[in-house]
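Colleague: For reference, the structure I am asking about is given below.
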Amino acid sequence: ALGTLGMGAFEAGEYLAAIGFWQRMLAMETPGTPGYQMMQQVIAEAAQRAGLVPDALAQSEAEPAADAGIGISVTVEAPDSGSIAATDTVFILARPSGAQSRMPTAVVRRPADGWPMTVRLTDGDAMAGQKLSTLDAVEVEVQVSPSGQPGRNSASWFAVADNVVPSDDTELTLTLQPVQR
């Protein structure tokens, strides 16, 4: 969906919107893969057509400031960080509380190279045009994946909190637990 929205925006000459969609898609790709490299190329093409200089593009990719509006600041703690490889991938996502669909509304992908880890989920991390700021309450889930693939089945560590209300100052701390199979 993000790819389609990005292409539509690109074809309409809305290059900044296309970059936004494609950057969210890029966050879901494994660095170094052909898909990741292709996304970097299309983002660079859109940036060139938008007349962005490299510094402006880097600024648009920067993590939102802590006061970036409605969202959730999530701190993830690892009780045994020595059991988590720095090459593992951490997915921090939010979906509407009580939703039947497991599709996230917002997602952030980070390498597991530092603990505790703090990220802020905002509308800037939203997928497919959804907005975190419009939801009354969300389930926040953290997955640590050795394979770099999202999903509970790929996770070796996991944490979840439900009925979290996004706001200007919502803060949440989750402690990872090993997945029992």
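Colleague: Of all the strands (runs of 3 or more DSSP E) wholly in the stretch 38-114, which have at least 1 residues that are modelled with pLDDT of 90 or more and either touching a helix residue (DSSP H, G or I) at 6+ places or on another chain (Cβ under 6 Å) or among the small types (Gly, Ala, Ser) (or both)?
Modeller: Numbers: elements: 71-77, 89-96, 106-111.
Those strands (runs of 3 or more DSSP E) span 71-77, 89-96.
Colleague: If we keep just the residues of the stretch 148-181 that are without any contact (Cβ under 8 Å) to a residue 12 or more places away in the chain and not in a loop (DSSP other than H, G, I, E, B), which is surrounded by the fewest Cβ atoms within 10 Å (Cβ to Cβ)?
Modeller: Out of the qualifying residues, it is 153.
Colleague: For the stretch 126-147, name all the residues that are farther than 13 Å from residue 28 by Cβ, open to solvent by 10 Å² or more (accessible area, probe 1.4 Å) and not basic (Lys, Arg).
Modeller: Scanning the stretch 126-147 gives 129, 130, 133, 134, 135, 136, 137, 139, 146, 147.
Colleague: Here's a follow-up. Does the stretch 3-22 hold any residues that are surrounded by 19 or more Cβ atoms within 10 Å (Cβ to Cβ), over 12 Å from residue 42 (Cα atoms) and out of contact with any Gly (no Cβ under 7 Å at 6 or more places or on another chain), and which are they?
Modeller: We begin by selecting, within the stretch 3-22, every residue surrounded by 19 or more Cβ atoms within 10 Å (Cβ to Cβ); these are 5-6, 9-10, 15, 18-22.
With the extra rule that they be over 12 Å from residue 42 (Cα atoms), the set shrinks to 5, 9.
Hit for the stretch 3-22 is 9, nothing else.
Colleague: Next up: Condition test on residue 163, is it more than 27 Å from residue 31 (Cβ to Cβ) and over 18 Å from the mean Cα position of the chain (by Cα)? I'd like the intermediate steps shown before the answer.
Modeller: Details: more than 27 Å from residue 31 (Cβ to Cβ): yes; over 18 Å from the mean Cα position of the chain (by Cα): yes.
Considered against the rule, which asks whether it is more than 27 Å from residue 31 (Cβ to Cβ) and over 18 Å from the mean Cα position of the chain (by Cα), residue 163 comes out as yes.
The values are calculated or read from the model by the stated rules, or taken from the named source; none is laboratory data. Model, not experiment: these values are computed from the prediction. Virtual Cβ from ideal backbone geometry, glycine too; neighbours counted across all protein chains shown. When the accessible area is computed, the model is the full protein with side chains, heavy atoms only, and any ligands, DNA or RNA have been set aside. Shrake-Rupley method; radii C 1.70, N 1.55, O 1.52, S 1.80 Å.
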